[in-house]
Amino acid sequence: MSKQLKRLNGKAILLLFFAFSYIDIGYAMPESYENQQQKKITITGTVVDEDGEPLIGAAVSTKSKNVTAAVTDVDGKFTVEVDAISETLVFSYVGMKKKELALKAGQTDYRVVMDIDATELEGVVIEAGIIQRNKMGFTGSYKQVNREELLSVGNINVLQTLSTLDPAFVIAENNLMGSDPNTMANISLRGGSTMNITNVLNDQTSNPNEPLFILDGFETTLSVVNDLDINRIESITILKDAGSTAIYGSKGGNGVVVIETIKPKAGEVMINYAGDFKVSAADLGVYNMMNAAEKLEFEVLSNRYGDLTAWSTNADNIAIYTNHLENVKRGVDTYWLKEPIRTALTHSHSLDVSGGNQDFLYQVGVNYKDVNGVMKDSWRQSFGGNMRLTYRKGNFSVSNNLTVSFTNGHTGSWGSFSNFVNANPYYTMRNEDGTVSEILDSYWDSYYSLGSESYNPLYNALLSSRNDTKSHSLTNNLAFDWHITNQLRWAATAQLSSTTSDGVNFKDPKHTDYIGVDYTKRGSYTSSNGRNWRYNVNTTLNYALSLADVHNMTFTGRAEAQSEQKNSGYYVITGFPVGVEGIPSFAYGYLEGSRPSYSEDIDRSVSFLMAFNYNYLYRYLFDVNYNADGTTSFGRNRKFQNFWSVGAGWNVHKEAFAEEWQHFLQELKIRGSYGINGNQNVSNLSTNVYSYYSSSDIFGTASYLSGYANPNLKWQVVKKASLGIDAVLLDKRLDATLDVYQTKTDPMVVGIEQKPSSGVSTYPVNLGFIQTQGLEFTLGYYLIRDLARQITLNVRLTGHTFHSEYGGFGEALENLNNAFKSDDNYSDAALNPNSLVRFQDGNSPTALWAVRSLGIDPATGREVFLTKGGAPTTTFSIDDRVKVADSNPDLRGVVGFSLRYKKVLANFNFRYSLGGYKFNSALFNKVENISISNIVYNQDKRALYDRWKEPGDVTQFKGIAENLVVNTVTQMSSRFIQRDNYFTAESGKISWDFSKDKWLKSTGLKDLRVSLSMSDLFRLSTIREERGTDYPFERSVSMGISARF
Amino acid sequence: MKNMKIYILSFLFALACTACNDWLDVDPKDKVLEEKQYSTEDYINSALNGLYRQMVSTNLYGGQLSQTSVEAMAHYYVYSSAAASISSDVIYQLSKWSYTSDRAKAKLLNVWKDGYSTLLNINNYIRGVNESPALLSKEHKNLLLGEAYALRAYLHFDLFRLYGPYPYDANSADKVLPYNRSADITMNHDGYEENIYSTPKEYIELLLKDIEEAKGLLQDDPILDPASESITNVLQEGFYKNRNRRMNYYALKGLEARVLQYIGRDTEAAAAAKVITDLVEANQVFYWMNKSNVVRQNNYIFFSEVIFGINNSNFRSNGTSWYLGETITKEIYVMNEDNLMKNIFNGYDNETSVEELANKDIRAKQWGFSNLVPDNGIVFPSVSYYVSSKYKVVADEAYNAVNDFQPLMRVSEMYYIQAETAMKAGNTANAVALINKVLVNRVGTDQYYLSTSATAVEIRAALTKEYYREFFGEGQVWFYHKRIQSTSIFSGRVEGTEDVTKSDYIVPIPDEEKNI
């Protein structure tokens, strides 16, 4: 059978070449077309709406030919040539009544005002990626963001912009990697659908709650979206409920983000340029470290130097102290944090040329983005190009879009930012002669025979370590579209996509990690590579029917087949001579005992979709979707899985009785849906799998049972119910959307830990469920809406609240809950952050569990806890943990406003989060729990100032000596869990539109917009924590230019 | 024409979809689905080979059950007295028979985990071969299954010796350990111990039953055919060659002897052992190494005397990291001079010259000075350390069978088993004669042989030393002590002994097993 597919493939490739061969013809065409015209009259004009706003993209046709002759440009202007002055021009635009204009002799310039047509709104299309939905008749919950909205918020990162615009689209803040340009965001929609046990079980699966990304109708990856040129985007639609995601079947469980790129429009050649220049600086205000004098004082208090008066017995330590003191007196107070950071300039450019006539359209674009991180020597560059060609003949059209992209990421030798944060300030970075020593500080405790050393972070930074990633991808989409009749439409698309990625991670042989290591093992070079080859073919049949103009029906049938082959491998070599910058041929050999790794996977899926939509006069709406998905990952015995959804809606404003409310109610839709989806991000095993040992011996190859399956395992299914209201009120001044939803993942697939004597460590079973209830809203109100004078002020408020809880586990996960107690990485269970997490029925996945603390007893300086029963005690027992707080905020969202005054548009968005809690690890690790060996590192100021010193001190923190001299640990108690309310100035953007200015014409430009934007300008928070442990967060200001020629 | 195109495309697509069920059957390339793993003889061979590969894990016979942990418990290795306070030195913990420290716990948990996970693989393999549609000759199928049953018994026996009760008590009603014979995971539930665990008696009965099963199946073992050349000095291509690297029929007999002796059925044990020593006496299959060749070839594994061993391709690299490291705190397995010279190699006679004694016994010649550098601040009990070159073999092509070979059972043990039986039966002369049969092949002159007038106590002392001399790095000595219920063991750090008590012999079942 795959033979047939190969032939089909061959066919697709053949057609692809056809499409390319049109390039030459395409350029020749306009010329010959013009030559044929004789005695033409040129008519120009402007098309505007009732408010006087120019309409872009309105179609102009002549009544005699009934073919689109021109499309209005961004100023609403058009130029057509007619054969005779008796001609009548017909104007059409989505959502507007058709307008006819009889030409008058002697007048060649017209101003055409088009009226809004309520009934035409029904033609507005929601882009659901693989199929299109009619806006008025659709019952699903979605958020569509157009180009203008996207650009009004941000210029550079699509994902960041989306999270500002939709409250359900949440980017988890990465406290570890901060604003590292090479770290991908962790995204979830509506709180996700499954549990994440990565931390507890050391599972390496990537984010199982990540939504599906669809680019121009085909699946894509988060990193492609991250690097996407925002100027290429036409619209983004976020599909949230089952009514809108059921068409994606097994993949839609976490929601779907549909991105459409710009399609060429007929008309004269348009050249667009957009450039953006961003200056960013690290936010160092969050690091609250001691200065040199403070650190030394702290060390004395913590008894690092012992008795400073005992000259005879403690001479060595006194000498060390004196040395440090001299440094402080000399004025040495090194601000290490400044060394690895820089003011980074990021710039991006995109150039786009498009045009054509109604038979042939083209669009060619190139873009370049150079993102520089605020840590030195960290950047990500992407370069891409695309070419889209469309050929139309009658009712048939073929279009082809070829996209290439190259991305290079680089992280230099500076390592983790925390190394600099933690360096002791009474040392200089460089010695007096300019050299940089390896070891900064060392400490030896003869009593405990314990010592520690801290390395000079600058020493490692000056070496040639690096981490490089490169990826190249080539994607070609070919689409056929045939309007067989007015009602029947057939479409087919095919995609071929190839991605190659390479990574090199080199650690210099002089790195302090290799001190005392044999020369054959110093330095390491890891080379990794991945290849991904995918093809996808699909065909869609659409049938629309309107009976007696009251019963409107559409039917969509779709079939799709996709195959994806993934290869990856890596190897590690070691033993580099000094001075060679990671050149593999200079290495001593492969890492001892290591072999090259290789893996190859083929994932195939087929999907059959049926979608039916019915409405009665656009008043009563009904949707039903059915999807049968077959994939290789379901396993042998059940290749197919069914998914479905039903939805209903009521357009109240369409009712006869609503006629009289028209002055205040323009639109009111009530809708609801229920359905099921799958989540493919969770892996599943239905048959036992054997793997090969990586090498063979005298007896040949060897294989072992690598995956023990549960044949009775059911697929993880997400059940979603959603209810929503969309309203436009008060003469379109108020715009409101409200959604309540419930998702239930039931059953889940959970790996249950087994007694090792069974032979396996975990066994996948269907167990428990996770249920999420949430509410999201978007409100927009025009305080000022003077369209004629172009003065508007719009305020917006979005919010999202949800609560998730587990159920059905019973006692089954108690072992998982107690796994932290025997975690090899933590000597003491009370120090293990996994103790904060519990999987327990009726409780949220984000609940924080800890032993309650009453604080520090002013009399003794010791911490007083509460037992489970509520009795005060000074003895800590990890089994006294109770649910203390929840890290999921009660309400989060964005509040913003946009002000337009003539040609200036200002848009500001502030993010708020209320009611969340957080474990403050800076307090835990840098204020208390400074173990005797950590004295060689710098600490938080609060460790010196806010700690208990003598009886009667009312403080939040234990005495200094509590941790150091006695060397006891501070346990994770509720004392370190703090309220995390915050308010940040997420984005602000001011743009000027010079397109109406007269001076512009003389420059040859048709349009010019300039913008200035800022991100993360300030942050107000109830928690004082260290954000950006390994990489700092950034604040940035950028300037953008967009011009059209 | 245009319409034709569309029709053709649609037709092809329709065809594609009717066949998509097949299209979704994708076999992964770097993995094999179970069904396929047992579909042909080649795949089955690969699965059997996989069982042996699992057994050379450093947690099993590639380390902990051969050269590292159990040998540390038998006090072969030196450790620092200060180790406990400055680091969690696992050699120190194990030598002190302290099984509760985190590192010792983790080590011993890994033996348990890997042991039972290998047993699950064995069980799944037995089921797979039994249900396999592959065309297998009767001989091959019997061998393929017989080795698996024998391996199941072998591995279970060592888990029993390590974690099992002390002493062995056939009347005990305590459920001690699980004897796993099922390929199905039994979910943890209440009553797991009652249902899955066995009493000592049940456990041994199941074990002996597997041995009997394997015995029937291994009747076709090529090792039984003297003409098969199934053990040669040069490794041979072929799945049923190199039989001493496989669980062969004689290895099974040796295992039977070990098991029977362990549970006190000495006479039967001696009878099983005699099957092998009879071969040696007849110079068939296994024969004594020529003493001069041992040193010349660096053949301290005494290759031609090995009944059973495992092919371990990580042998040399593991050995390098265990014996050639630089500091003692980094898990370096070296022997103390006093222990080696005074405890182990002194005592054949009244001979006082340590040097001469060590020179006479060829087994002592494998020991050379270590380049160990003591860590700062650590107090050492002695000055010189020795490392063995037994596992640093680089042999020439004409004798490459010694490469990568971890011996686990040898003919000398079969003599010792019979000698001990004779000694217990009061037949000391016979016991001495059997021990001297080994010594003749180890020591040059008869002055070091065991005196024919030796008493039972002297024979016991001699046997203990013989175990130390003979089985270094083969994981037998600790279990020998546990079986004979020794109350003292060579110190390992100084000349003399240390007391060992009942609790020291019981390695606790890992917390992970109990708590889940």
- Looking at this structure, is A:Gly356 buried (at least 17 other Cβ atoms within 10 Å of the Cβ) and either polar (S, T, N, Q) or modelled with pLDDT under 90 (or both)? yes
- Query: Between a first residue in region A:905-918 that is in a loop (DSSP other than H, G, I, E, B) and a second residue that is of a type outside the set (A, V, I, L, M) and surrounded by fewer than 19 Cβ atoms within 10 Å (Cβ to Cβ), which pairs have beta carbons less than 6 Å apart while being 6 or more apart in sequence or on different chains?
  - Reply: A:Gly915/A:Asp890; A:Gly916/A:Ser887
- Query: So, of the residues in region B:496-516 that are open to solvent by 40 Å² or more (accessible area, probe 1.4 Å) and touching a strand residue (DSSP E or B) at 6+ places or on another chain (Cβ under 9 Å), which turns out to be nearest to the other protein chains (Cβ to nearest Cβ)?
  - Reply: B:Glu512
- B:Asn244: passes all of (1) within 14 Å of chain A (Cβ to nearest Cβ); (2) more than 14 Å from B:Tyr154 (Cα to Cα); (3) out of contact with any strand residue (DSSP E or B) (no Cβ under 6 Å at 6 or more places or on another chain) but (3)
- Item | Verdict on A:Lys903 being in the same structural domain as A:Leu1012 (by TED's automatic domain parsing) and touching an Asp or Glu at 6+ places or on another chain (Cβ under 8 Å) | yes
- Task: May I ask you to list the residues in region A:477-503 that are touching a residue at least 60 places away in the same chain (Cβ under 8 Å), in a strand (DSSP E or B) and within 14 Å of another protein chain (Cβ to nearest Cβ)?
- Result: A:Leu478, A:Ala479, A:Phe480, A:Asp481, A:Trp482, A:His483, A:Thr493, A:Ala494
- Item | Criterion (surrounded by fewer than 17 Cβ atoms within 10 Å (Cβ to Cβ), more than 8 Å from chain A (Cβ to nearest Cβ), more than 26 Å from B:Gly496 (Cα to Cα) and modelled with pLDDT of 80 or more) met by exactly one of B:Thr58, B:Thr40 | B:Thr40
- Scan of region A:157-187 for residues that are open to solvent by less than 30 Å² (accessible area, probe 1.4 Å) and either part of a helix (DSSP H, G or I) or closer than 18 Å to A:Ser350 by Cα (or both), ordered by number: A:Val158, A:Leu159, A:Thr161, A:Leu162, A:Ser163, A:Thr164, A:Leu165
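Every residue, every condition in (1) part of a loop (DSSP other than H, G, I, E, B); (2) within 30 Å of A:Val224 (Cα to Cα), yes or no:
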| position | (1), (2) |
| --- | --- |
| A:Asn327 | no, no |
| A:His349 | no, yes |
| A:Val353 | no, yes |
| A:Gln358 | yes, no |
| A:Val364 | no, yes |
| A:Met387 | no, yes |
| A:Ser397 | no, yes |
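For A:Thr526, state whether it is in contact (Cβ under 8 Å) with a residue 24 or more places away in the chain and either within 14 Å of chain B (Cβ to nearest Cβ) or out of contact with any helix residue (DSSP H, G or I) (no Cβ under 9 Å at 6 or more places or on another chain) (or both).
Working: in contact (Cβ under 8 Å) with a residue 24 or more places away in the chain: yes; either within 14 Å of chain B (Cβ to nearest Cβ) or out of contact with any helix residue (DSSP H, G or I) (no Cβ under 9 Å at 6 or more places or on another chain) (or both): yes.
Spelling it out, A:Thr526 is indeed in contact (Cβ under 8 Å) with a residue 24 or more places away in the chain and either within 14 Å of chain B (Cβ to nearest Cβ) or out of contact with any helix residue (DSSP H, G or I) (no Cβ under 9 Å at 6 or more places or on another chain) (or both).
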- Item | The lone exception for A:Leu440 - which of (1) in the same structural domain as A:Asn317 (by TED's automatic domain parsing); (2) surrounded by fewer than 19 Cβ atoms within 10 Å (Cβ to Cβ); (3) aliphatic (A, V, I, L, M) it fails | (2)
- When you scan region A:697-772 for strands (runs of 3 or more DSSP E) that lie fully inside it, which ones turn up with 3 or more residues that are more than 25 Å from A:Gly630 (Cα to Cα) and touching a residue at least 24 places away in the same chain (Cβ under 8 Å)? A:717-729, A:734-745
- Item | Qualifying residue in region A:535-546 (condition: open to solvent by 50 Å² or more (accessible area, probe 1.4 Å), modelled with pLDDT of 90 or more and among the aliphatic types (A, V, I, L, M)) | yes
- Item | Evaluation of B:Glu34 against (1) farther than 24 Å from B:Thr320 by Cβ; (2) modelled with pLDDT of 90 or more; (3) facing chain A (nearest Cβ under 9 Å) (one fails), failing number | (2)
- Failed criterion for A:Glu592 (all others in (1) open to solvent by less than 80 Å² (accessible area, probe 1.4 Å); (2) farther than 29 Å from A:Ala628 by Cβ hold): (1)
- Note on the structure: Within region A:345-393, the residues that are farther than 25 Å from A:Met270 by Cα and more than 23 Å from the chain's Cα centre (by Cα) are A:Lys376, A:Asp377
- Pick from A:Val717, A:Val765, A:Val760, A:Val750: which is among the β-branched types (Val, Ile, Thr) and either open to solvent by 50 Å² or more (accessible area, probe 1.4 Å) or more than 13 Å from chain B (Cβ to nearest Cβ) (or both)? A:Val717
- Of the residues in region A:249-278, those that are outside any strand (DSSP E or B) and of a type in the set (A, V, I, L, M) come to A:Ile262, A:Ala266
- Message: Pairs please, first residue from region B:113-127 and facing chain A (nearest Cβ under 8 Å), second anywhere and among the hydroxyl-bearing types (Ser, Thr, Tyr) and surrounded by fewer than 24 Cβ atoms within 10 Å (Cβ to Cβ), Cβ atoms under 7 Å, 6+ apart in sequence or on different chains.
- Response: B:Asn121/A:Tyr704; B:Asn123/B:Ser182
- Message: Just checking, does region B:314-327 include any residue being more than 14 Å from every other protein chain (Cβ to nearest Cβ) and assigned to a strand (DSSP E or B)?
- Response: no
- Task: Can you confirm whether region A:840-859 contains a residue that is part of a loop (DSSP other than H, G, I, E, B), closer than 25 Å to B:Lys105 by Cβ, in contact (Cβ under 8 Å) with a residue 24 or more places away in the chain and open to solvent by 30 Å² or more (accessible area, probe 1.4 Å)?
- Result: no
- Message: If I ask for residues that are at pLDDT below 90, open to solvent by 10 Å² or more (accessible area, probe 1.4 Å) and of a type in the set (Val, Ile, Thr), which ones from region B:428-451 would you list?
- Response: B:Thr445
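Rundown of residues vs (1) within 10 Å of another protein chain (Cβ to nearest Cβ); (2) in contact with a Gly (Cβ under 7 Å, 6 or more places away or on another chain); (3) under 30 Å from A:Thr245 (Cβ atoms), yes/no style:
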site	(1), (2), (3)
A:Thr574	no, yes, no
A:Tyr614	no, no, yes
A:Asp623	no, yes, yes
A:Lys639	yes, yes, yes
- Query: Filtering region A:905-941 down to residues that are basic (Lys, Arg) and touching a helix residue (DSSP H, G or I) at 6+ places or on another chain (Cβ under 7 Å), which residue is modelled with the highest pLDDT?
  - Reply: A:Lys941
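Just give me the residues in region B:190-205 being touching a residue at least 24 places away in the same chain (Cβ under 8 Å) and surrounded by fewer than 17 Cβ atoms within 10 Å (Cβ to Cβ), in sequence order.
B:Lys201
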- Task: Output the number of residues of region A:64-98 satisfying the condition of being among the basic types (Lys, Arg), part of a loop (DSSP other than H, G, I, E, B) and closer than 19 Å to A:Val113 by Cβ.
- Result: 2
- What tally of residues in region A:771-809 results from selecting those that are touching a Leu at 6+ places or on another chain (Cβ under 9 Å), among the small types (Gly, Ala, Ser) and open to solvent by 40 Å² or more (accessible area, probe 1.4 Å)? 1
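The values are calculated or read from the model by the stated rules, or taken from the named source; none is laboratory data. Owing to the predicted nature of the structure, the values given are computational and were not obtained by experimental measurement. All Cβ positions, even for glycine, are placed from backbone atoms using ideal geometry, and neighbour counts span all protein chains on display. Protein only, heavy atoms only, side chains kept; ligands, DNA and RNA dropped before computing areas. Shrake-Rupley method; radii C 1.70, N 1.55, O 1.52, S 1.80 Å.
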